[in-house]
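Asks: My structure is below; once you've seen it, I'll send some questions.
The values are calculated or read from the model by the stated rules, or taken from the named source; none is laboratory data. Values in this document were obtained by computation on a predicted structure and should not be read as measured data. In this analysis, Cβ positions are derived from the backbone assuming ideal geometry, glycine residues included, and neighbour counts consider all displayed protein chains.
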Amino acid sequence: MTSELSPLLSDTAPGRGALRPARSWLHSDAPSLSLNGPWRFRLSPTAWVSQDFAAEGFDDQQWDSIPVPSHWVLQGDGAYGRPIYTNIQFPFPIDPPHVPDENPTGDYRRHFHVPAEWSAADRIVLRFDGVESLFRVWVNGVEIGSASGSRLAHEFDVTSAVRPGDNVVAVRVHQWSAASYVEDQDQWWLPGIFRDVTLLVRPVGGIEDVWLRTGFDNGQGRLDPEVVADSTAFPLTLRIPELGVEQVWSSAADVKPLMVADVQPWSAEQPRLYDATVSSATERIALRVGFRTVEIRGDQFLVNGHRVVFHGVNRHEAHPERGRVFDEEHAREDLARMKRFNVNAIRTSHYPPHPRLLDLADEFGFWVVLECDLETHGFDKVGWAGNPSDDPAWREAYLDRIQRTVERDKNHPSIVIWSLGNEAGTGSNLAAMSAWVHARDAERPVHYEGDYTGDYTDIYSRMYSSVAETEEIGTDGARTKLFNCTPSQSIRQRTKPFLLCEYAHAMGNGPGALDEYEALVHRHPRLHGGFVWEWRDHGILATTPDGTPYYAYGGDFAEVVHDGNFVMDGMLLSNDVPTPSLHEYKAVTQPIRFTFDDEKVAISNLRHSADTSDLRFRWRVEHDGTPVASGDLDVSVVTAGGSGWAELPHVAAAPDAETWLTIEAVLAAATAWAPEGHRVATAQLDYSVSRPAPAVRPRKDWHPGDGTLALGIAEFVGGSLARLAGRVVTGPRLELFRAPTDNDESPSDGIEGSDDSTPGVSHAELWRSEGLDRLTSRRLSVAHAADALRTLDKVSAANSGAYVMVESVWSLEDGELELRVEIEPSSGWGSVWPRIGIRFGLPDDNAPIDGAEWFGLGPLESYPDSLRAARMGRFASTIEDLAVDYARPQESGHRSQLRRLTLSSGETEVLRLEALPDLYGRRPGYTLSRHTPQQIAKARHAFELPESTTSHLTIDAAQHGLGSRACGPDVQPEFALRPQARTIRLRLTAG
Ligand code: IPT
């Protein structure tokens, strides 16, 4: 037994016995039988288990039952092991092509009934749409074959093994195999039969495969059919009723290209599909045809003659309970959500998705980069020694993978680029894959990021290049050498269309600078946009011992090696909630742009091919956030790439309130993905008259005092605030710390242009070493004046000589309580600062502060390099909803450019704050939270945060940007917060 098994597990070839060539995943009316459902299941800790179970008469009564499709590690509450998350690391020794004896092995069995009529079939085929990682199949005890290529379809001819009536199929699945070395994607390792299993009748005279290649040229559609069928299948008929197409092919020789008049093209914006059938006497195949031509002209990537800008996302198959098991409703909702957030493209990172996803992509309209199931990233650890990509022993496996990828999905109009895989180094096997694609599908370009020098691919692609570097790539005539390229290779790469197959790493709170990347696309036509990493967090729903649900990440399942929360880097949280970054993305990529000019607004339509006839434009005027007038804008239809004008309404600025005009482009009618009125694009214009903040009243009568007094609504004891509006209050204290974001925690690679680039050291480490999270203070003086109190504090940290002087002046001004805080750092502070703020503690006091209403930027959190989604207005929120539930607790909830804030307890308004601008007109931001930054920084998950009824209000004169350093560039220098002097001025009144 062992001698038989060992070569299979270590075999670099993709298994034995699966049918070749691979074919399309077709919608056929031939009979089929889904083998999804409960199977008998047994898990063994090693591959060295008896194969007796495959025998027909084996007694599996003692076995468990498991659903197919599923991942066994997500079934049985831990009874079948746990998921493992690694990014680059191999969770087994790097000993290719061998895997350890500790190799979880799942044995599956089920019975199925074959109808007697099936005896008339030409063949009976057993199809597996996805099994991770290596599996062997037996039918009625007869070994059928084996296969690897987890996210690829495999079909086996089981005609001679099945019989009418009862049959039994047995499948053995090994978690680890040679294939694991080429499936090292950044995701959970999730073994099992996780996609459909189907028994298919292949009728006599059936159609093995169809490819309806299409093209579109000046209103004419081109159809270039390819059919695989033996001569008994003919005549075949192609029908596209809506276009009046009915072609009868009496033999293979008749199958020729044809032109179709009056065709509407397919595009991601207007995904026009035509129902088509190809039928023989015994089988009918249904397809949905979209006419479009993909081409590269010079350095331009065009569809139907127009340049495509990819506003894309990397999409993994991830579901918090199902893992990579496809859930069509969930996927459909996800794609609709993408459309609502102006996403127009998907890279299927890093493997072909469930085939139905591509039907949906055709239907909703996305430009798809379809990626092969291939990644060997873990070889990086050993300097890429033994990388399969450059080892002829793996050539067959590589070719098999790309063939199964392209063949399965070739009919989809949404797929405009083939991608060979991800992070697999470089080498001849990748070049061979590319050559095969070029020969098989001359139209669609080949992408592979790792071909930095462009030796075998058609598109220049990078991941996480900085804004500056990306701009260099797009700049004509630039001579700078490109990443990993010689001068001549750099020149060659600049002759190709460029895309960022990954950028704007969206881990935790971030990314910053989405707008700067977007701006490049419009300045440099060679730059075709890119794909944010990534669409969604891959959290797995788990519960704490006390039953609290949470989304687990690496390390939560006691993995031996893991990569923590690096798998939580989506613009969508695990529970489908869009993070502020997705709103920012939507704002930055809006296809309609507005430029104000006096009484007019210019409206640019940046779409690929759709005009604006699907949109309605409306306006509204607000005074301090309260709507006072609204209406529709009269805009004539703007063609794609064009621009038009609209007259703006007359807006009178209010004398005593800020006056803002907001315009919006909304859907005029419901679509498949959004209701009528859905906002596609928006812009604001400030009409306010300038109203300078009241000057600081000079006081000359300061004299020392004990600091115990009342000033309006404030009561002080020993110079410290004790009560506000009758409530106990602590602070305010200087706050320079924020709970580090994932970007803040990421070590610098030392080569970027950031303010702290000590290689291997993160901002957060510097903050902790400077003691920003543990400031202490010493009161230097307390002084009184008429209606005023002044304190001077020296704030510093243990074992630090650097300090900040904080002068606080409380006074009554025009009958209102004013607080002015002057924050004055000493020399000697080294790092950037996360924030410059003051924090109040607002204990429960029998009425916890649990809500906020404000006039300022909102409704969601914003930071200096992520401000585009924020708009000026009046907003309200509960304290819980102010923060985002990032998988790992971190800085969240900052609202920028505050004007006025009301804190409430239930229905009762407790405290009102007005934030005065500083001398430069800068307004502070605010954060209201149940926890201090120090508490948040300690928690790995939200459930670890202490219970709290105290609310903490931080008023920040400034916050540091977000950047995307967790995997990419740091905060751009203009948004990096260096230690500096700041003034905060607040007016406080009782609610
Ligand atoms: C890049 C990977 O391609 C992607 O799969 C993901 O892991 C991403 O990083 C980070 O989340 S590779 C990285 C070394 C640039």
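Asks: On the given criteria, is residue 94 surrounded by fewer than 16 Cβ atoms within 10 Å (Cβ to Cβ), in a loop (DSSP other than H, G, I, E, B), at pLDDT 95 or above and among the aliphatic types (A, V, I, L, M)? Break it down into steps so the answer makes sense when it comes.
Replies: On the way: surrounded by fewer than 16 Cβ atoms within 10 Å (Cβ to Cβ): yes; in a loop (DSSP other than H, G, I, E, B): yes; at pLDDT 95 or above: yes; among the aliphatic types (A, V, I, L, M): yes.
Against the criterion (surrounded by fewer than 16 Cβ atoms within 10 Å (Cβ to Cβ), in a loop (DSSP other than H, G, I, E, B), at pLDDT 95 or above and among the aliphatic types (A, V, I, L, M)), residue 94 qualifies.
Asks: Output the residues belonging to segment 343-356 that are touching a Phe, Trp or Tyr at 6+ places or on another chain (Cβ under 7 Å) and closer than 24 Å to residue 680 by Cα. Can you show your working first?
Replies: So the first thing to find is which residues in segment 343-356 are touching a Phe, Trp or Tyr at 6+ places or on another chain (Cβ under 7 Å), and the list is 344-347, 354-356.
Listed by number, the residues that qualify are 344, 345, 346, 347.
Asks: Would you mind stating whether residue 46 is modelled with pLDDT of 95 or more, within 16 Å of the ligand (Cβ to nearest atom) and β-branched (Val, Ile, Thr)? Outline the logic, then answer.
Replies: Values: modelled with pLDDT of 95 or more: yes; within 16 Å of the ligand (Cβ to nearest atom): no; β-branched (Val, Ile, Thr): yes.
No, not satisfied.
Asks: Of all residues in segment 623-666, which are over 35 Å from the mean Cα position of the chain (by Cα), surrounded by fewer than 18 Cβ atoms within 10 Å (Cβ to Cβ) and among the hydroxyl-bearing types (Ser, Thr, Tyr)?
Replies: 630, 636
Asks: Can you give me the number of residues within segment 597-615 that are touching a strand residue (DSSP E or B) at 6+ places or on another chain (Cβ under 8 Å), under 17 Å from residue 661 (Cβ atoms) and either surrounded by 15 or more Cβ atoms within 10 Å (Cβ to Cβ) or at pLDDT below 95 (or both)?
Replies: Qualifying residue count for the region: 3.
Asks: Just checking, how many residues over segment 400-416 are touching a residue at least 60 places away in the same chain (Cβ under 8 Å) and within 20 Å of the chain's Cα centre (by Cα)?
Replies: Result for segment 400-416: 1.
Asks: If you don't mind, another one. Output the number of the condition that residue 938 fails; it satisfies all remaining conditions of (1) crowded, with 23+ Cβ neighbours inside 10 Å; (2) within 16 Å of residue 767 (Cβ to Cβ); (3) of a type in the set (Lys, Arg).
Replies: With (1) crowded, with 23+ Cβ neighbours inside 10 Å; (2) within 16 Å of residue 767 (Cβ to Cβ); (3) of a type in the set (Lys, Arg) applied to residue 938, the lone miss is (1).
Asks: For segment 464-471, does any single residue satisfy the condition of being on the phi > 0 side of the Ramachandran plot and at pLDDT 95 or above? Show your work before the answer.
Replies: From segment 464-471, those on the phi > 0 side of the Ramachandran plot are 464; that's our starting set.
Still in the running and at pLDDT 95 or above: 464.
Yes, segment 464-471 contains a residue that is on the phi > 0 side of the Ramachandran plot and at pLDDT 95 or above.
Asks: Taking the criterion of being more than 24 Å from residue 324 (Cβ to Cβ) and either of a type outside the set (A, V, I, L, M) or in contact with a strand residue (DSSP E or B) (Cβ under 9 Å, 6 or more places away or on another chain) (or both), would at least one residue in segment 551-563 satisfy it? Break it down stepwise before answering.
Replies: Here is the first cut: in segment 551-563, the ones more than 24 Å from residue 324 (Cβ to Cβ) are none.
Within segment 551-563, not a single residue is more than 24 Å from residue 324 (Cβ to Cβ) and either of a type outside the set (A, V, I, L, M) or in contact with a strand residue (DSSP E or B) (Cβ under 9 Å, 6 or more places away or on another chain) (or both).
Asks: What are the residue pairs meeting all of these: first residue in segment 341-352, first residue modelled with pLDDT of 95 or more and more than 16 Å from the ligand (Cβ to nearest atom), second residue part of a loop (DSSP other than H, G, I, E, B) and among the polar types (S, T, N, Q), Cβ atoms under 7 Å, and 6 or more apart or on different chains?
Replies: Listed by first residue and then by second, the contacts come to 342/589; 342/590.
Asks: Counting just the residues of segment 444-460 that are charged (D, E, K, R) and within 16 Å of the ligand (Cβ to nearest atom), which one comes out surrounded by the fewest Cβ atoms within 10 Å (Cβ to Cβ)? Explain how you work it out, then say what you get.
Replies: The initial filter retains those residues of segment 444-460 that are charged (D, E, K, R), namely 444, 449, 451, 455, 458.
Retained after the next criterion (residues that are within 16 Å of the ligand (Cβ to nearest atom)): 449, 451.
Values: 449: 21, 451: 23.
Of everything passing the filter in segment 444-460, 449 is surrounded by the fewest Cβ atoms within 10 Å (Cβ to Cβ).
Asks: If you don't mind, there's one more thing I want to ask. Answer yes if at least one residue in segment 321-330 is out of contact with any His (no Cβ under 8 Å at 6 or more places or on another chain), touching a residue at least 24 places away in the same chain (Cβ under 8 Å), over 28 Å from residue 289 (Cβ atoms) and within 16 Å of the ligand (Cβ to nearest atom), and no otherwise.
Replies: There is no residue in segment 321-330 that is out of contact with any His (no Cβ under 8 Å at 6 or more places or on another chain), touching a residue at least 24 places away in the same chain (Cβ under 8 Å), over 28 Å from residue 289 (Cβ atoms) and within 16 Å of the ligand (Cβ to nearest atom).
Asks: Continuing with the same structure: Mind checking which pairs have a first residue in segment 955-968 that is under 24 Å from residue 502 (Cβ atoms) and a second that is in a strand (DSSP E or B) and within 16 Å of the ligand (Cβ to nearest atom), Cβ under 9 Å, 6 or more apart or different chains?
Replies: Pairs found: 964/503; 965/748; 967/463; 967/502; 968/463; 968/502; 968/503.
Asks: Quick one: which of 553, 503 is outside the structural domain of residue 744 (by TED's automatic domain parsing), away from the ligand (no atom under 12 Å from the Cβ) and buried (at least 24 other Cβ atoms within 10 Å of the Cβ)? Write out each step before concluding.
Replies: Working: 503 fails: away from the ligand (no atom under 12 Å from the Cβ).
When all the criteria are applied, what remains is 553.
Asks: In segment 556-587, how many residues are aliphatic (A, V, I, L, M) and within 14 Å of the ligand (Cβ to nearest atom)?
Replies: Initial filter on segment 556-587 (aliphatic (A, V, I, L, M)): 558, 560-561, 567-568, 571-573, 577, 582, 587.
Checking the rest, the ones that are also within 14 Å of the ligand (Cβ to nearest atom) come to 567-568, 571.
Qualifying residue count for the region: 3.
Asks: Output the residue which, of all residues in segment 253-278 that are in contact (Cβ under 8 Å) with a residue 60 or more places away in the chain and under 20 Å from residue 233 (Cβ atoms), is nearest to the chain's Cα centre (by Cα).
Replies: So in segment 253-278, the residues in contact (Cβ under 8 Å) with a residue 60 or more places away in the chain come out as 265-271, 273, 276, 278.
From the residues that got through so far, the ones that are under 20 Å from residue 233 (Cβ atoms) too are 276, 278.
On the way: 276: 34, 278: 38 Å.
If we take residues in segment 253-278 being in contact (Cβ under 8 Å) with a residue 60 or more places away in the chain and under 20 Å from residue 233 (Cβ atoms), then 276 is nearest to the chain's Cα centre (by Cα).
Table: residues versus (1) touching a strand residue (DSSP E or B) at 6+ places or on another chain (Cβ under 7 Å); (2) touching a residue at least 12 places away in the same chain (Cβ under 8 Å); (3) of a type in the set (D, E, K, R); (4) buried (at least 19 other Cβ atoms within 10 Å of the Cβ).
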site	(1), (2), (3), (4)
844	no, yes, yes, no
856	yes, yes, no, yes
859	yes, yes, no, yes
866	no, yes, no, yes
873	yes, yes, no, yes
879	yes, yes, no, yes
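Asks: Need the failing condition index for residue 138 against (1) closer than 24 Å to residue 63 by Cα; (2) outside any strand (DSSP E or B); (3) of a type outside the set (D, E, K, R), just the number.
Replies: (2)
Asks: On to the next question. How many of the residues making up segment 424-443 are touching a residue at least 60 places away in the same chain (Cβ under 8 Å), within 28 Å of the chain's Cα centre (by Cα) and surrounded by fewer than 22 Cβ atoms within 10 Å (Cβ to Cβ)?
Replies: 0
Asks: From the list 634, 701, 656, which residue is within 21 Å of residue 806 (Cα to Cα) and in a loop (DSSP other than H, G, I, E, B)? Step through it out loud before you land on a result.
Replies: Values: 634 fails: within 21 Å of residue 806 (Cα to Cα); 656 fails: within 21 Å of residue 806 (Cα to Cα).
None of the other options fit; the residue is 701.
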